[in-house]
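Enquirer: My structure is below; once you've seen it, I'll send some questions.
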Ligand SMILES: CC(C)(COP(=O)(O)OP(=O)(O)OC[C@H]1O[C@@H](n2cnc3c(N)ncnc32)[C@H](O)[C@@H]1OP(=O)(O)O)[C@@H](O)C(=O)NCCC(=O)NCCS
C-alpha cells in the first residue's frame, strides 16, 4: 500500500454509490451502532441527514474515492475536552494499514480543529481485535475493561476503553 493514496475529506452527496458499497456489508456494520444501508436513496439520505450535520466526520479516501469513514464527536458543555472516535472501511481494504494511517491523520487535525480537546476516547468490543490493534499501533493507551457498558444490535456488551491525550505521541 502506497500510503500517499490515502486522504481524509468531508463527504459529498456524490459519494453515495461508494458509501453504499461498505455500508451494505454486515461484516463492516457488525461492531457499529447503526445497521446496514441497502439502497442508494438511503445512502444519499444518510449523507445528507447524518454525515454532513455531524460535528466532524470525514471520508477515508483511496485516490479520492470514499472507502470508509472516521468521526470524532466532542462531548458538550464543560465536558468538551473529551471526544469519542469511531471508524470503518470496506472489508476488501482491511489489513493494509489504511485505518491506522487515517487515525494518525485525524488526530493531527482534530486537536487543532477543537481547541478545547484534550482527550480522545475509543470504546471497542473485546472480540474486535483489528480495531484494538489499530488503536495500539497509533499510540492509544488501553485504560480498562468496562463490564456491560455498550449497547449494540440489541445486546449489552463489555467494552475496552482506550484514550489518546493531546500530549501523547503518535507512534
Ligand atoms: C477494525 C478496522 C477499522 C481495521 O481497519 P484496517 O485498515 O484493516 O486496520 P489496519 O490494517 O490499520 O490494522 C489492523 C490490524 O489488526 C490486525 N487484525 C485484524 N483482525 C485481526 C484478528 N482477528 N486477529 C488478530 N489481528 C487482527 C491486522 O493484522 C493489523 O495488525 P498488524 O498491522 O499488526 O498486522 C476494520 O477492520 C473495520 O472497518 N472493521 C469494521 C468496523 C469496526 O469494527 N470499526 C471499529 C469499531 S470500534
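Enquirer: Only Cα pairs under 8 Å and at least 6 apart count here; give the relative contact order of segment 20-100 as a rounded whole percent.
Expert: Taking the mean separation of contacting Cα pairs over the length of segment 20-100, I get 25 percent.
Enquirer: Equivalent ellipsoid semi-axes for segment 36-88, as square roots of 5 times the alpha carbon gyration tensor eigenvalues: give them largest first, rounded to whole Å. List each step's numbers first, then the result.
Expert: Numbers: eigenvalues 115, 41, 15 Å².
In descending order, the three semi-axes are 24, 14, 9 Å.
Enquirer: Efficiency by 1/(1 + (r/R0)^6): what FRET value for residue 109 and residue 155, r their Cβ-Cβ distance, R0 = 30 Å, to the nearest 0.05?
Expert: Once rounded, the FRET efficiency stands at 0.35.
Enquirer: When the Kirkwood hydrodynamic radius is evaluated over all pairs of different C-alpha atoms of the chain, what value in angstrom, to one decimal, is obtained?
Expert: About 16.5 Å, per the Kirkwood formula over Cα pairs.
Enquirer: For the residues 34, 56, 94, what sequence is obtained by ranking on other C-beta atoms within 10 Å, fewest first? Each step should come with its number before you reach the end.
Expert: Numbers: 34 11, 56 18, 94 14.
Neighbour counts put them in this order, fewest first: 34, 94, 56.
Enquirer: Stretch residue 148-residue 65 to full length: gain in nm at 0.36 nm per residue minus the Cα-Cα span?
Expert: On the way: separation 83, 0.36 × 83 = 29.88 nm, distance 3.72 nm.
Result for the pair: 26.2 nm of gain on full extension.
Enquirer: Please report the relative contact order for the chain, taking Cα pairs under 8 Å with a sequence separation of at least 6, and give it as a percent rounded to a whole number. Walk me through the numbers on the way to the answer.
Expert: On the way: 292 pairs, mean separation 33.7, N = 171.
For the chain, the relative contact order is 20 percent.
Enquirer: Could you work out the percent of alpha carbon pairs in segment 23-116 separated by over 22 Å, rounded to a whole number?
Expert: On the way: 1366 of 4371 pairs.
Here the tail beyond 22 Å accounts for 31 percent of pairs.
Enquirer: Considering the convex hull of the alpha carbon atoms of segment 125-167, report its projected area averaged over all viewing directions, in nm², one decimal. Each step should come with its number before you reach the end.
Expert: On the way: hull surface 13.2 nm².
If you wrap the Cα atoms of segment 125-167 in a convex hull and average its projections, you get 3.3 nm².
Enquirer: Tell me, what does the Kirkwood hydrodynamic radius of segment 76-171 come to in angstroms if you use every pair of distinct C-alpha atoms? Let's see the in-between values first.
Expert: Values: mean 1/r = 0.0704 Å⁻¹.
By the Kirkwood definition, the hydrodynamic radius is 14.2 Å.
Enquirer: Using Cα pairs under 8 angstrom and six or more residues apart, how large is the relative contact order of segment 110-171, in percent? Mind dumping the intermediate values first?
Expert: Details: 90 pairs, mean separation 25.0, N = 62.
After rounding, I find 40 percent.
Enquirer: If neighbour count is taken as other Cβ atoms inside 10 Å, put 51, 118, 72 in order from fewest to most.
Expert: Details: 51 21, 118 14, 72 24.
With the fewest neighbours first, 51, 118, 72 line up as 118, 51, 72.
Enquirer: Using a basic spin-label model with each label point 7 Å from the Cα along Cα→Cβ, how many nm lie between residue 84 and residue 52?
Expert: 2.4 nm
Enquirer: Hey, rough spin-label estimate for residue 76 and residue 170, points 7 angstrom out along Cα→Cβ, what's it come to in nanometres?
Expert: Between residue 76 and residue 170, the label points sit 3.0 nm apart.
No lab work stands behind these numbers, since they all come straight from the coordinates. What you see is a predicted model; the values in this text were computed from it and never measured. Glycine gets a Cβ as well: all are built from the backbone with ideal geometry, and neighbour counts include every protein chain shown.
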